[in-house]
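Here the structure is laid out as structure tokens; the discussion comes afterwards.
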Amino acid sequence: MTAITESVGIAFEGDGAQRVAVITIDNPPVNALSHHVRQGILDGVTQAAADASVAAIVLICAGRTFIAGADITEFGSAPKPPSLQAAQAAMEDCVKPVVAAIHGTALGGGLEVAMCAHFRVADAGARFGLPEVKLGLLPGAGGTQRLPRVTGPAKALEMMTSGDPIDSTEALECGLVDEVVVDLRQGAIDFARSVVAQGRPLTRIRDRNDKLAVDASLFGDFRRKIGAKTRGFLAPEYNIQCIEAAVSLPFDEGIKTERRLFEELMNGTQSAAQRYYFFAEREAAKVPGLSKDTPLRPIDRVGVLGAGTMGGGISMSFANVGIPVTIVERDQASLDRGLAVIRSNYERSAKRGSITAADVETRMALITPSLDKADFAEVDMVIEAVFEDLDLKKQVFAELDGICKAGAIMASNTSYLDVDQMAAATSRPESVIGTHFFSPANVMKLLEVVRGAKSGDDVIATVMALAKRINKIPALVGVCDGFVGNRMLAQRRIEADRLILEGATPAQVDKVIYDFGFPMGPYAMSDLAGLDIGWNEATSSSSTVREILCESGRRGQKNGRGYYTYDPDTRASTPDPEVVEMIRTFAASKGVAQRQVTDQEVLERLLFPMVNEGAKILEEGVASRASDIDVVWINGYGWPVYSGGPMFWADTVGLPEVVARIKHYGEALGGRHWELSPLLDRVASEGGKLQQATGA
Ligand code: 3HC
Ligand code: NAI
């Protein structure tokens, strides 16, 4: 093979009408379209086109995948020529057949390049997608105009607004791929030769209009269908507008619309936030100071103690990926109840069609119920999910220490408690760690991995890798009350509870948070979780709004009455004037005068203390990167990814402004959560960014 650029080479196969130029892209890890790749495609195709001995051209990639898209690391800097469009035009306008040979993932700019070949062949494992929407973007290299011409607008709408890829079979069915082959390189060469032999026309996708006719209702219906899911996001709507342009305008005019909308998204904060998040999530999986070759402990079988809300969901997360689980409860009734909930969750998924009836049985068969902790003797890791009580957990760890085999990892799912104290109850603190799952544990992506003072490097590395195996997104945090997520949430709650005494209603507070982009506000969340979690009737003394509500029989959604009232059939919530009155009376008894509170004040008082606490968490080294905190909030609590998480968001608000408001509220209201973090103060005064700040 002859090098064209540092990551693209060319080779020639066969002679005469059989002679095929094979252009190979080799730009690890994912063959992104860095400038030397664009240059290589342009030069390679130009050279092969000019070479009279070449009959056809195959474009293929080395390594694990076809081109996975534009090089995201180049975004934001001045584009280096040649443009991707120039490389694409060389392919599309080539008078010799150009065949793209696809394996791995043809994503974004990668698929847009493939759609400029005259033909596409793929292996059976290949996948095809335009995931730009996940980066807050739209395909900016003609993909919005070409994909609807290949697949028809309805399928293009699905693919571009979800960003999810399709497989080879589907791609073949919808015409995105011409042939699926076994040996990709040889298959693509053979395919190219057959095109030459048959004299097949070299149709450019841009010239095809045969699939563009649509029903007038298509776009309106589609917008309604995805409206709830894409609330707050700009990119899905912009993608739809591009497809509307594809069906109503000539190709070149459609491209102008694509360019205009692409630029707008690229220069906006949503895409900046989503691109930041793309790397934040990948960064979070890497532990600073931990070598890549830290040995991992094998995890082939796990144990879960407690079959309650969390134990059940945690067990499902393992069974879902084929890892056998032994689940132990303290009595038969709790065990039966736990297993029944797991089964009914699986059956609901089967009914919805996301798994098959056979999957339900396979997964249930992976879960072995037991009443005897001695059955943990052979597991490689045990996770306790018993009640949130430190004495109980310490006792459980001491007991498990006597049962689990040497080398077994012992983990706690505690939400707040001190993992080091649990470790101290064992003879092997190096094997103890926190694995804080989020509810529902079988659904939520986040796993806070809590590093104890003595947790071994191999234990940390094993659990971080295990998280990926069970399809979770891990973030490593340190021991403190509530770790990263719940510790910050607690600060938000303090101000929410103050605000409702001062005259904001629970519905107003929730609406501000919902409109910001969270799935629900703090009071809707309390109602959902149950107001009586942690409430004790015997000691309740009407000292908080929550106690008063619980004392009056309000338990939240489960009994139809909490901060809101709930329709028994639809579960729809309605603000309850009785609750507002109860709060008013309580505020009066505390001497708090009520007033009109603006939405802006609600927003600042709920979110700025979180930013402040996040900075303190960084300062203490409880999180090692600001971006880890953002990963926690986006995946554990539904912070909208389009504003990047609390740390990134604070940067977009402007740190001097954030600091000024924290000082203002600190003086007016007091409280530890308003005491300004020195790190935040310093970064703001230096003109720096919180997202780049690192901890202790
Ligand atoms: N640009 C630069 N780097 C990229 C990249 C890209 N498009 N895609 C992945 N990488 C890097 C990752 O940051 C990671 O780097 P690291 O090892 O240093 O952390 C490495 O490649 C491997 O990535 P993953 O850990 O994600 O590997 P997986 O095997 O799990 O996944 C993948 C591979 C499916 C290709 C996944 O990386 C992915 O989804 N990438 C993004 C694809 C994408 O969004 N493409 C569209 C880009 S925008 C575009 O094309 C605009 C165009 O329309 C003009
Ligand atoms: P839960 O009350 O639903 O379940 C706890 C289960 O543990 C019960 O079924 C109980 O019978 C069992 N149990 C108690 N002592 C036991 C013992 N000695 N041996 C065997 N089984 C025993 O509680 P939930 O909500 O599942 O919480 C469990 C843990 O997970 C707690 O530490 C909690 O703080 C934490 N957590 C809870 C979250 C939630 O949203 N519910 C979220 C994240 C963590």
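Observations, loosely collected:
- Going by accessible surface with a 1.4 Å probe and the largest first, VAL597, VAL247 read VAL247, VAL597.
- A cut-off of 5 Å between modelled amide H atoms, ignoring neighbours fewer than 5 places along the same chain, links GLY556 with LEU531, ARG561, GLY562.
- Gain on full stretching of the segment that runs from SER439 to ALA78 - 0.36 nm per residue minus C-alpha separation: 125.6 nm
- Farthest positive-ward along the stretch 2-261 dipole, Cα basis, beta-carbon charges - from ILE243, VAL54, VAL150: ILE243
- Rounded FRET efficiency, nearest 0.05, which uses the C-beta distance separating ALA660 from GLU158 and R0 of 45 Å: 0.50
- Accessible surface of ILE72 - all protein chains present, 1.4 Å probe, nearest 10 Å²: 30
- The mean sequence separation of alpha-carbon pairs under 8 Å and at least six residues apart, normalised by the residue count of the stretch 505-589, gives a relative contact order of 23 percent.
- Karplus-based coupling profile of the stretch 271-283, in residue order and whole Hz: 5, 4, 5, 6, 6, 4, 5, 3, 6, 4, 5, 6, 5, with θ = phi - 60° in 6.51 cos²θ - 1.76 cosθ + 1.60 and x standing for Gly or Pro.
- Order of exposure, largest accessible area first, which applies to THR565, THR426 with probe 1.4 Å: THR565, THR426
- Each eigenvalue of the Cα gyration tensor of the stretch 2-261, multiplied by 5 and square-rooted, gives one semi-axis; in descending order these are 30, 20, 16 Å.
- Solvent accessible area, Å² - ASP210, 1.4 Å probe, full protein context: 110
- Pairwise Lys count, the stretch 2-261 - Cα closer than 29 Å, eight or more residues apart or different chains: 19
- Mean shadow area of the stretch 599-692 over all directions, Cα convex hull, nm²: 5.7
- Simple Cβ-charge dipole of the chain, Lys/Arg +1 and Asp/Glu -1, about Cα centre, in debye nearest 20: 560
- Distant alpha-carbon pairs in the stretch 505-589 (separation over 21 angstrom), percent: 27
- Cβ charges +1 (Lys, Arg) and -1 (Asp, Glu), total dipole of the stretch 289-417, debye: 440
- Peptides 456-462, 195-201 ordered by packing proxy, namely the average of other Cβ atoms within 10 Å per residue, highest first: 456-462, 195-201.
- Across the chain, Cα pairs under 8 Å and at least six residues apart give a relative contact order of 9 percent.
- For the pair ASN536 and GLN332 in one chain, pulling the backbone fully straight at 0.36 nm per residue adds 70.9 nm over the alpha carbon distance.
- Computed lengthening from ASP569 to ASP359, 0.36 nm per intervening residue step minus Cα-Cα distance: 72.5 nm
- Grouping the Cα pair distances of the chain into 10 Å bins from zero gives a pair-distance distribution of 3, 13, 20, 22, 20, 13, 6, 2, 0, 0 percent in increasing distance order.
- By the equivalent-ellipsoid construction on the alpha carbon gyration tensor, the stretch 92-216 comes out with semi-axes of 23, 17, 13 Å, ordered largest to smallest.
- At R0 = 45 Å, FRET efficiency that the Cβ-Cβ distance of ASP15 and ALA213 yields, to 0.05: 0.50
- Inter-label distance for ALA124 and THR585, nm, one decimal - labels placed 7 Å from Cα along Cα-to-Cβ: 7.1
- Size estimate for the stretch 302-481 follows the Kirkwood approach: the inverse of mean 1/r over distinct Cα pairs works out to 16.1 Å.
- Sparsely packed loop sites in the stretch 22-122 (the chymotrypsin sites (Phe, Trp or Tyr not before Pro) outside DSSP H, G, I, E and B with at most 16 other Cβ atoms within 10 Å) comprise PHE75.
- Three-way shape label, the stretch 195-294, alpha-carbon gyration tensor, a/c 1.5: oblate
- Simple spin-label estimate for ASP389 and GLU667 in nanometres, 7 Å along Cα-Cβ: 4.8
- Exposed loop sites here are GluC sites (Glu not before Pro) assigned a DSSP state other than H, G, I, E or B and surrounded by at most 16 other beta carbons within 10 Å; excluding them, the longest clear run of the chain is 7-377.
- Inter-centroid distance (Cα atoms) of the stretch 240-305 relative to the stretch 622-696, Å: 23
- Hydrodynamic radius of the stretch 471-614 by the Kirkwood approach over all distinct alpha-carbon pairs: 16.2 Å.
- Here the chain exposes an accessible surface that is 53 percent carbon and sulfur, computed with a 1.4 Å probe and the other protein chains kept in place.
- Given charges at beta-carbon only (K, R positive; D, E negative), |dipole| of the stretch 2-261 in Debye: 560
- Whole-angstrom gap from the stretch 430-454 to the stretch 38-86, using each part's C-alpha centre: 43
- Positive-pole candidate from TYR276, ASN320, ALA374, dipole of the stretch 270-421, charges at beta carbon: TYR276
- Global geometry of the stretch 632-674, whether rounded, prolate or oblate, following the gyration tensor of its Cα atoms and the 1.5 cut on a/c: oblate
- Listed by chain and number, the lysines whose alpha-carbon sits under 18 Å from that of LYS286, ignoring those within fewer than 8 places in the same chain, are LYS445, LYS468, LYS472.
- Mean accessible surface per residue for the chain, computed with a 1.4 Å probe while every protein chain stays in place, in Å²: 41
- Cα gyration tensor shape for the stretch 64-159, rounded if a/c is under 1.5, else prolate or oblate: rounded
- Spatial separation of Cα centroids for the stretch 512-544 and the stretch 88-145, in angstrom: 49
- Label-point separation, GLU6 to GLU283 (7 Å along Cα→Cβ), nm: 2.3
- DSSP bridge pairs, the chain: antiparallel proportion in percent, nearest 5: 30
- Extreme residue, positive dipole direction of the stretch 302-481, given options THR362, PRO429, MET464 (C-beta unit charges): THR362
- Annotation: the antiparallel percentage among DSSP beta bridges lying fully within the stretch 302-481 is about 15.
The values are calculated or read from the model by the stated rules, or taken from the named source; none is laboratory data. Note that the structure is a prediction, hence the values are computed from the model and not measured. All Cβ positions, glycine included, derive from the backbone under ideal geometry; neighbour counts span all protein chains shown. Ligands, DNA and RNA are excluded from the accessible area calculation, which covers all protein heavy atoms including side chains. Shrake-Rupley method; radii C 1.70, N 1.55, O 1.52, S 1.80 Å.
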